[in-house]
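Novice: Just passing along the structure, written as structure tokens.
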Amino acid sequence: MKTSHQNCIILGLLLVVSAASGWGLYYKSYVLNKNLITDLIEEKVIVSDLTNKIANIEGEKNILNEGLEAERKRVGDLAEQVSDAVGTVGILDKLAKTDPQLLQKYSKVYFLNEHYIPSSLKTIDDEYVNDPSKEEQIHGSVWPHLEDMLEEAKEDGVELKVLSSYRSFGRQSELKASYKVIYGSGANTFSADQGYSEHQLGTTLDFTSVDALTTFNGFEKSKGYAWLLENAHKYGFVLSYPPNNQFYQFEPWHWRFVGEDLARDLHKDNMYFYDMDQRKINEYLVKIFD
Ligand SMILES: [Zn+2]
């Protein structure tokens, strides 16, 4: 019996120990889980904070980018305005330095001051002059265009020669007087009075070509005239007095430099210099020597 009683006590003790140990294990595991969950929650909070921070940084970055873009645009606009202003100033400066007389009409009704002389004159090389014993001069800025044209004609097998170019007011006056002695009032149909001649501008030339039978009158049927009709505009030259013009007789030899832009546009529209409105012509002045 005693043994049985003792066994009961031992069993009871074992149960108590086992229960206590079970509880201990359970509690330990509970605490561990709880810590883990707390940790996880904390981690989650940290991740969420980081996500928010990243979002904020992204937002700030976008704002900065927008600011940067706006700044770039502002600087770009400013640069454009400055370059426009420089361009405008450049054009005004160029225009101020360009002689407005160069694109004025000078025929009978349009008078050029007797004191007018071109801003620069260049002696034309002998090889291009019909009578090399005579000195022929041309406006210094027209010369490169003239030389190009004469060289190009030569390459096409056409030899153009300068008969007459710059003529001063005084020279024109002498010339007209001598024509009047020979031709009387008939001289008015082909020769301008002093002050009304485009030759005084220094931008105008009379040409002949080596195949012309006579220096002036044969020119209309020469290769030189045909070549000029087709090509002179590319070098800025136009025929001033076409057939049936209101000023003088037809002068196939007489060509005036008006700049490549204006010459090209007149050629394209099949117009002559004296047909165009002076205000429209003036728009071409700034680029006359380009
Ligand atoms: Zn002439």
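No value in this document is a laboratory result; all are computed from the given coordinates. Owing to the predicted nature of the structure, the values given are computational and were not obtained by experimental measurement. Cβ placement follows ideal geometry from the backbone for every residue including glycine, while neighbour counts extend to all protein chains displayed.
Novice: Could you state the orientation-averaged shadow area of the convex hull built on the Cα atoms of the stretch 161-290, in nm² to one decimal? Working shown, then result.
Specialist: Values: hull surface 32.3 nm².
It is 8.1 nm².
Novice: For the stretch 46-96, take the alpha-carbon Rg, divide it by the Kirkwood Rh, and send me Rg/Rh.
Specialist: Details: Rg = 21.7 Å, Rh = 14.1 Å.
A ratio of 1.54.
Novice: Hey, another quick one. What span do the alpha-carbon atoms of the stretch 1-97 cover on each of the three principal axes, reported in whole Å from largest to smallest?
Specialist: 140, 10, 6
Novice: When the distances between all Cα atoms of the stretch 108-166 are binned every 5 Å from zero, what whole-number percent does each bin get?
Specialist: The percentages, shortest bin first, are 4, 17, 23, 21, 15, 11, 6, 2, 0.
Novice: Rounded to the nearest 5, what is the percent of antiparallel bridges among the DSSP beta bridges in the chain? Please report the intermediate quantities before stating the final value.
Specialist: Working: 13 of 14 bridges.
So the antiparallel bridges in the chain amount to around 95 percent.
Novice: In degrees between 0 and 90, to the nearest 10, how far off the longest principal axis of the chain does helix 143-155 point, with axes built from Cα atoms?
Specialist: Compared with the principal axis, the helix lies near 80 degrees.
Novice: Another question, then. From the phi angles alone, apply the Karplus equation (6.51, -1.76, 1.60; θ = phi - 60°) to the stretch 165-172 and give each ³J(HN,Hα) in whole Hz, x where the residue is Gly or Pro.
Specialist: Each residue's phi maps through the Karplus curve to give 9, 5, 10, 5, 3, x, 5, 5 Hz.
Novice: Could you list the square roots of 5 times each eigenvalue of the Cα gyration tensor of the chain, that is, the equivalent ellipsoid semi-axes, sorted largest first and rounded to whole Å? Write down the numbers at each step before the final one.
Specialist: Working: eigenvalues 2215, 82, 43 Å².
Each semi-axis is √(5λ); the values are 105, 20, 15 Å.
Novice: Subtract the Cα-Cα distance of PHE111 and THR189 from 0.36 nm times their separation in residues, and report this length gain in nm to one decimal. Walk me through the numbers before you get to the answer.
Specialist: Working: separation 78, 0.36 × 78 = 28.08 nm, distance 1.69 nm.
In short, 26.4 nm is gained.
Novice: Something else now. Quick check: residue separation of ASP126 and GLU42 times 0.36 nm, minus the Cα distance between them. What number comes out in nm?
Specialist: Numbers: separation 84, 0.36 × 84 = 30.24 nm, distance 10.08 nm.
Stretched fully, the ASP126-GLU42 segment lengthens by 20.2 nm.
Novice: Still on this structure, please answer the following. Can you give the relative contact order of the chain as a percent, counting alpha carbon pairs under 8 Å and 6+ residues apart? Spell out each step's value before the answer.
Specialist: Working: 331 pairs, mean separation 46.1, N = 290.
Reported relative contact order: 16 percent.
Novice: Same structure, new question: Testing the spin-label approximation: label points 7 Å from Cα along Cα→Cβ at GLU66 and VAL31. State their distance in nm.
Specialist: Placing both labels 7 Å along Cα→Cβ, they lie 5.4 nm apart.
Novice: Under a straight-distance cross-link criterion of Cα-Cα below 18 Å, which lysines are reachable from LYS53, leaving out those fewer than 8 residues away in the same chain?
Specialist: Result set, ordered by chain and number: LYS44, LYS61.
Novice: In addition: Only counting other Cβ atoms within 10 Å, I'd like HIS5, HIS233 sorted with the fewest neighbours first. Show your work: numbers first, answer last.
Specialist: Working: HIS5 9, HIS233 20.
Final ranking by Cβ density, sparse to dense: HIS5, HIS233.
Novice: Can you find, among GLY186, TYR128, LEU229, the residue farthest towards the positive end of the dipole of the chain? Put +1 on the C-beta of Lys and Arg, -1 on that of Asp and Glu.
Specialist: The listed residue farthest towards the positive side: LEU229.
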